[in-house]
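Asks: Submitted below is the structure of interest, expressed as structure tokens.
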Amino acid sequence: PDVHYPHQYEQEIRTLQYRDWQLAVETEERLGEHGVGGTLNRSTGAGSSVPTEKGLWIDTEKDLERLVRRINNPAENIREIAVDLEAHSHRTFGGITCLMQLSLRRKSGGSSLAGGSSSTIETASDFLIDAIALRKVMNHHLAAIFANPDIVKVMHGADSDIPWLQRDFGIYVVNLF
């Protein structure tokens, strides 16, 4: 193309200094046999002591605001988020982002949902965000989190997700793993 638009966070990305905690190797004593979070912390069968949790659905701005407050709360000490996007491209030229899956690291010894208890935004680890219902407010609430170099964004196969975040929500990523 004849015109080049610079990345609005180019300076932050070029000068990013990895935090010591990002480069530290965790011990099994601290993480446990199955790790603290993510899919390694899912049920492994009947009688398993590994907690099981379903994703919490977010489709209102009020709930998205609560999640953002939790991520930004210094007492939570959230240093990484795992993100995946799902898009729909059937009968469209460019497609549209429909769903954001966002996970937070579980606290050591995370709570099991046995006994009928249910997760809330303040206690859950996995969130399914309705990107269609919240399309007009995603940037307002999530852009600062994705641009924050103190929060590592963990994404797999982000070669599609990064352009979708930029195209559909004007969200740019700093500190991607």
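Asks: Of everything in the range 58-72 that's touching an Asp or Glu at 6+ places or on another chain (Cβ under 7 Å) and outside any strand (DSSP E or B), which residue is surrounded by the fewest Cβ atoms within 10 Å (Cβ to Cβ)?
Replies: Applying the filter and picking the extreme gives ASP59.
Asks: If you don't mind, there's one more thing I want to ask. Considering only residues that are part of a loop (DSSP other than H, G, I, E, B), surrounded by 15 or more Cβ atoms within 10 Å (Cβ to Cβ) and within 13 Å of the chain's Cα centre (by Cα), which ones fall in the range 132-170?
Replies: ASN148, ILE151, MET155
Asks: Six or more apart or on different chains, Cβ atoms under 7 Å: show the pairs whose first residue is in the range 53-66 and among the small types (Gly, Ala, Ser) and whose second is crowded, with 18+ Cβ neighbours inside 10 Å.
Replies: Short answer, once both residue conditions are applied: GLY55/ASP126; GLY55/PHE127.
Asks: Related question: Could you grab me the full set of residues in the range 119-129 that are among the acidic types (Asp, Glu) and surrounded by fewer than 17 Cβ atoms within 10 Å (Cβ to Cβ)?
Replies: If we filter the range 119-129 for residues that are among the acidic types (Asp, Glu), which is where we start, we get 122, 126.
The one that is among the acidic types (Asp, Glu) and surrounded by fewer than 17 Cβ atoms within 10 Å (Cβ to Cβ): GLU122.
Laboratory data are not the source of any read-out in this text; all were calculated from the coordinates shown. These numbers were taken from a predicted model, which means no experiment stands behind them. In this analysis, Cβ positions are derived from the backbone assuming ideal geometry, glycine residues included, and neighbour counts consider all displayed protein chains.
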